[in-house]
1. Select from region 47-64 the residues that are open to solvent by less than 40 Å² (accessible area, probe 1.4 Å) and free of Cβ contacts under 8 Å to residues at least 40 places away in the same chain and list them in ascending order.
2. So Asp100 clears everything in (1) closer than 17 Å to Gln164 by Cα; (2) touching a Ser or Thr at 6+ places or on another chain (Cβ under 6 Å); (3) of a type outside the set (A, V, I, L, M) except one condition, right? Which one?
3. Are any residues in region 136-169 in a loop (DSSP other than H, G, I, E, B), of a type in the set (Ser, Thr, Tyr) and either modelled with pLDDT of 70 or more or surrounded by 17 or more Cβ atoms within 10 Å (Cβ to Cβ) (or both), and if so, which ones?
4. Can you name every residue in region 79-115 that is among the acidic types (Asp, Glu), loosely packed, with under 15 Cβ neighbours inside 10 Å and within 18 Å of the chain's Cα centre (by Cα)?
5. Going residue by residue through region 107-114, is there one that turns out to be touching a residue at least 40 places away in the same chain (Cβ under 8 Å) and not in a loop (DSSP other than H, G, I, E, B)?
6. Right, Ile44: among the aliphatic types (A, V, I, L, M), crowded, with 17+ Cβ neighbours inside 10 Å and closer than 22 Å to Arg136 by Cα or not?
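The values are calculated or read from the model by the stated rules, or taken from the named source; none is laboratory data. Given the structure is predicted, the values throughout are model-derived calculations rather than measurements. We place every Cβ from the backbone using ideal geometry, glycine too, and count neighbours over all the protein chains shown. When the accessible area is computed, the model is the full protein with side chains, heavy atoms only, and any ligands, DNA or RNA have been set aside. Shrake-Rupley method; radii C 1.70, N 1.55, O 1.52, S 1.80 Å.
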Amino acid sequence: MVNSMDNLDKKISVLLVEDDKALSMGLEYALISEGFAVKVADRINIARDIMFAEQYDPDIIILDIMLPDGTGYSFCSELSAYRRNRNKPVWPVIFLSACDSEANIVMGLDGGADDYITKPFRVKELISRIKAVLRRNHSHVLSSSTLSCGNISIDIQDHRAWKQGQELQ
């Protein structure tokens, strides 16, 4: 059995899907500076290759809405269906978009996103929201009181357990 204190060197992994090169470079730098491991895609097809062909399993996905080859809404739905079909918990998603109308925000949140941030935004706030989403959805990622053995994790402090990433009741 391994105490997660020994695994704190494992960085929280982020998939950033953003087509604005300057913004994605700045965000990648900021996230890496905060200790995250980051993969970047500027199109849905590239993100799809990273997720499915490379079998990348990020802790969280930051997803733009308007991308050159489709919408973040449809990709978020695709990712959720993919995980559900494999009996795995869906990846947490934060939409990052210039679309700031109430209808867009509601559609994003109702479509499966855990949070929705409108551009322009503050980087430190985004990082705090990432951590908040992970605390709510994947507390075992941030917890220092977790024991792991194979595909089972137990958070001793919160009295919670997971098998293959799914919380046990």
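1. Once the filter is applied, which keeps residues that are open to solvent by less than 40 Å² (accessible area, probe 1.4 Å) and free of Cβ contacts under 8 Å to residues at least 40 places away in the same chain, region 47-64 yields Ala47, Ile50, Met51.
2. That leaves (1) as the condition not met.
3. Across region 136-169, the qualifying residue is only Ser143.
4. Asp110
5. Yes, that holds for at least one residue.
6. So Ile44 does not fit the description; no.
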